[in-house]
Each structure stands twice: as structure tokens, then as C-alpha cells.
Amino acid sequence: RGLGDVYKRQENGCIDATGTEDEILADIRELVGMLPLNNEGDVYTDECADDLNRACESMDAMKGDPRYLLSEISDSHTFFETKAGYARDMVTGFIKLNGMTVGAVANCTTVYDEEGKESEKFDNVLSAKGCEKAAEFVNFCDAFSIPVLTLTNVTGYKATKCQEKRIAKAAAKLIYAFHDMTAPKVNVIVGAANGTASLAMNNSADMTYAWPQATIGMMDPVSAAKIMYADEIAKADDKNALISEKAAAYAKLQASAESAAKRGYVDSIIAPETTRQIAAAAFEMLFTKREDRPAKKHGTV
């Protein structure tokens, strides 16, 4: 647990967790117990004693912290997080749905401590580290034919000098990992899915769901309104009021979950408290999914 461990856990992502010998051995037992024997093994690794129709409370209020959301929808609130100290704006780990092991990838904007207070805040954007962390996890899941659930809440890419050097390749790796994946994929849009960044978050999912208040489109409504009505806004006496009015109209017409569903981008709009029930049913339906790919050596991304 020295400075070297902190660096490896937070900066280069080589360590999934740290702890005492007993803690680490307990984590290993839990992880091994959740994994199938191989890519042809049964992902139903446990019996489910939890109610599949159990309503998940406070989902919308806590959507910023996917650790809570994933724990809430999982059987008996089981969530095994991987690389928890690395790229904390992206959460990866394993949950259980009706006894099935499911990998989870989710954008994180808020981290709550044990007392329920905000301890960290992040913008809902993709970072290079977050993309690499998620891509590595998706590849791992696909190697074992473990299905993946994505909780999407992203509006763009992190914009810094350092990110500009890495984000294009990192995002490409994540997009490729999802598209190359042959195991079942389900995407739930819990917040925003704006711009090209949303394409990296499981855009090739077999089933896509959205919460009612989700925004889905090429850009957020406020930015769109400022561009589309720039001249009108410049002449307005109350610029903020006009921006709000135009943004609301744009959101309803072009960026709402309802408009996305009408265009076929979303399979269904679901209430947040029914996420467990819907996700479990989706993976049950996709259990027999099989994909035949053309013979090839490997990808190049």
C-alpha cells in the first residue's frame, strides 16, 4: 500500500484492488466464483434468491453514481468493482441478474461516501483513461462470453492538452471493443447520450433503453439553441429566457427520449425503478444469441 501501489492503482491501472492478505484472497474467491469456466461455460453461476420484479429505489436521484445504481439492480445488491481507483469517471465491474454474471460499464459524475455525501465530482465526458479502462474490461468479458450492461450518461470528450493527444485512439478502442463483442449487449441511457461520445458507449447494443428524462441527440439542447438561433438571441432583451425557450423546444423535438424512440434509436422508454426487471428480461431473451463472423486474423484498432 505504498506510493508505488497508489501510482499503479490510480495512474496506470495495473492494480484492481489493494488490501490485506485476507481481503485480497476474499476478493479473488468472489471474482472466481462469478466467472464462468471458459467462453463456453454457463454464465448462470449462482442461484437468485432476490425478487426479479423488485422496484429499485432512488435510481433517478442517484444516477450520478453508477456504483449505487449497479448495486441496486443486482441480485442481493452484489457489485464487484474492478480498477476502482483508476479513471474514476468510468466504472467497470460485475453484477448478478437472476443468477447470471453480467459485466457493467458506466459513466460516473458523482462519488458518494459512506454517509451519502458527495466526495468527488466529474463532468459527464469521456476521458482517455476511462475509454481504455472500459475497452479492456469489455474485451475481458467477451473472452468469457459474459454479457455487458452499459449505463450511459455522456455529453462529449474531456478537453485538455493531454487528452487531445490520446482521446481519439482511446475512444476508437472502446468503440471497436463493443462492436467486436459477440456476447449479449444491453444499453440503458440514464442521463445524456449526446454527440459522437455517445457512440462509444455501447452504440451497437442488442437492446437500448432510456429513462424518461434522458436527452439523446447530436448535442445538448442549450448548445444547439445558441447555434441555431444566434442572431435572434443577440437581438433579444432577455437572452437567457430566449435560450431556455428555444432549448426546451429543441429538446422536445430532437433530443428527448420520446423523439429518439420514435426514430428507432431506443427500443423502449423505461421507468428508473424498473431497470432491474427490464435488464434481467433483456439478458434472458439474449441468452441464446450467437454471431457468426467472417474468418479473419484480427482487428487493427
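Things worth noting here:
- Among residues of the range 1-25 that are more than 26 Å from ALA135 (Cα to Cα), those with a Cβ under 7 angstrom from a residue that is modelled with pLDDT of 75 or more, sequence gap 6+ or separate chain, pair up as ARG1/THR18.
- Every pair of residues 6+ apart whose Cβ atoms lie under 7 Å, when the first sits in the range 210-223 and is more than 9 Å from ALA257 (Cα to Cα) while the second is part of a loop (DSSP other than H, G, I, E, B) and open to solvent by 20 Å² or more (accessible area, probe 1.4 Å): ASP220/THR155
- Filter result for ALA224 (open to solvent by less than 20 Å² (accessible area, probe 1.4 Å), over 26 Å from ASP75 (Cβ atoms), touching a Phe, Trp or Tyr at 6+ places or on another chain (Cβ under 7 Å) and assigned to a helix (DSSP H, G or I)): yes
- When each of VAL105, VAL125, VAL111 is tested for being among the aliphatic types (A, V, I, L, M), more than 24 Å from GLU72 (Cβ to Cβ) and in contact with a strand residue (DSSP E or B) (Cβ under 7 Å, 6 or more places away or on another chain), the lone residue that passes is VAL125.
- Residue count, the range 44-86 (criterion: aliphatic (A, V, I, L, M) and buried (at least 21 other Cβ atoms within 10 Å of the Cβ)): 3
- Within the range 243-260, the residues that satisfy the criterion of being over 13 Å from ILE189 (Cβ atoms), surrounded by fewer than 17 Cβ atoms within 10 Å (Cβ to Cβ) and at pLDDT 90 or above are SER244, GLU245.
- Some residue of the range 112-119 being within 16 Å of the chain's Cα centre (by Cα) and either among the charged types (D, E, K, R) or outside any loop (DSSP other than H, G, I, E, B) (or both): no
- Cβ-Cβ contacts under 6 Å between residues 6 or more apart (or on different chains), taken from a first residue in the range 261-285 that is open to solvent by 70 Å² or more (accessible area, probe 1.4 Å) to a second residue that is hydroxyl-bearing (Ser, Thr, Tyr), are listed as ASP267/THR208.
- In the range 262-292, the residues that are in contact with a helix residue (DSSP H, G or I) (Cβ under 7 Å, 6 or more places away or on another chain) and part of a helix (DSSP H, G or I): THR275, ARG276, ALA279
- For LYS226: the one exception among (1) of a type in the set (D, E, K, R); (2) in contact with a strand residue (DSSP E or B) (Cβ under 7 Å, 6 or more places away or on another chain); (3) under 21 Å from GLY156 (Cα atoms): (2)
- Per the listing THR196, THR215, THR208, THR160, the residue uniquely within 20 Å of the chain's Cα centre (by Cα), of a type in the set (Ser, Thr, Tyr) and open to solvent by 50 Å² or more (accessible area, probe 1.4 Å) is THR196.
- Sole exception among (1) touching a Phe, Trp or Tyr at 6+ places or on another chain (Cβ under 6 Å); (2) assigned to a helix (DSSP H, G or I); (3) open to solvent by 30 Å² or more (accessible area, probe 1.4 Å) for ILE28, by number: (1)
The values are calculated or read from the model by the stated rules, or taken from the named source; none is laboratory data. Predicted model only: the values in this text are computed from it and were never measured. Heads up, the Cβs are rebuilt from the backbone with ideal geometry, glycines too, and the neighbour counts pull from every protein chain shown. The protein model used for the area step is the full one, side chains on, heavy atoms only, and it has no ligands, DNA or RNA in it. Shrake-Rupley method; radii C 1.70, N 1.55, O 1.52, S 1.80 Å.
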